[in-house]
Amino acid sequence: MTQEKSDCLFCRIVSGEIPASIIYRNDHVIAFRDITPVTPQHVLIIPLKHIASLNDLAPEDEAIAGHILLAAGVVAEMIGIRQSGYRLVFNTGKEALQSVFHIHGHLIGGQQMGWPPFPGLSTQH
Ligand code: AMP
């Protein structure tokens with residue numbers, strides 16, 4: 001099911017109106033390369049349905065949430081980081097610096113990472 005919002009950047013990628021480097025697609029999600037990668041591998045996994053953020057997930061979206069998580073492992077295998085390790089990050093809201101309000105999991109990997117993940121303060125992407 002696709003419910004598009006015409007002014008949403010990621011809905012426009014879903015519809016094909018805006019090009020993106022899409023590497024995976026099924027009936028529920030698409031995955032495409034982030035235009036400004038922060039790690040050697042950086043892919044965004046988004047639902048076809050417009051849902052602004054994790055805060056807007058409704059009980060009936062339970063399956064969609066699961067499909068995003070299931071896609072993470074599939075895409076990680078496709079881009080060669082399933083065994084080496086990766087993170088799936090959902091920036092949510094102002095202090096997390098969410099800038100696009102259509103749920104997206106940042107699948108990042110391809111390098112050794114540190115923990116905790118917030119060693120410095122950044123206000124820009
Ligand atoms: P966030 O700040 O968590 O909302 O993440 C939004 C992400 O979308 C950023 O990492 C951007 O680099 C990425 N982004 C913005 N526009 C595009 C685009 N046209 N194609 C691919 N990634 C994009």
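We did not get these values from a lab; they are worked out from the coordinates using the rules stated. All values reported here derive from a predicted model rather than from experimental measurement. Cβ coordinates were reconstructed from backbone atoms using ideal geometry, including for glycine residues, and neighbour counts include every protein chain displayed.
Note on the chain: Kirkwood hydrodynamic radius from all Cα pairs is 15.0 Å, rounded to one decimal. Our coupling estimate for region 79-85, obtained by passing each phi through the Karplus curve with A = 6.51, B = -1.76, C = 1.60 and θ = phi - 60°, is 9, x, 10, 4, 7, 6, x Hz, Gly and Pro reported as x.
For the pair residue 27 and residue 62, the difference between a 0.36 nm per residue extended length and the Cα-Cα distance amounts to 11.1 nm. Return one number: the angle in degrees, 0 to 90 and rounded to the nearest 10, between the long axis of the Cα atoms of helix 62-78 and the longest principal axis of the Cα atoms of the chain. Computed tilt is about 50 degrees.
Just to verify a number: FRET efficiency for residue 5 and residue 111, C-beta to C-beta distance, R0 = 41 Å, to 0.05?
On the way: r = 34 Å, r/R0 = 0.83.
The formula returns an efficiency of 0.75 here.
Given springs between every Cα pair under 10 Å in a Gaussian network model of the chain, which of 100, 29, 14 has the largest fluctuation? Result for the chain, Cα springs under 10 Å: 100 fluctuates most.
Which order, highest average first, do 105-111, 71-77 follow once you tally other Cβ atoms within 10 Å for each residue and take the mean per peptide? List each step's numbers first, then the result.
On the way: 105-111: 19.7, 71-77: 18.1.
Highest-to-lowest ranking by the protection proxy: 105-111, 71-77.
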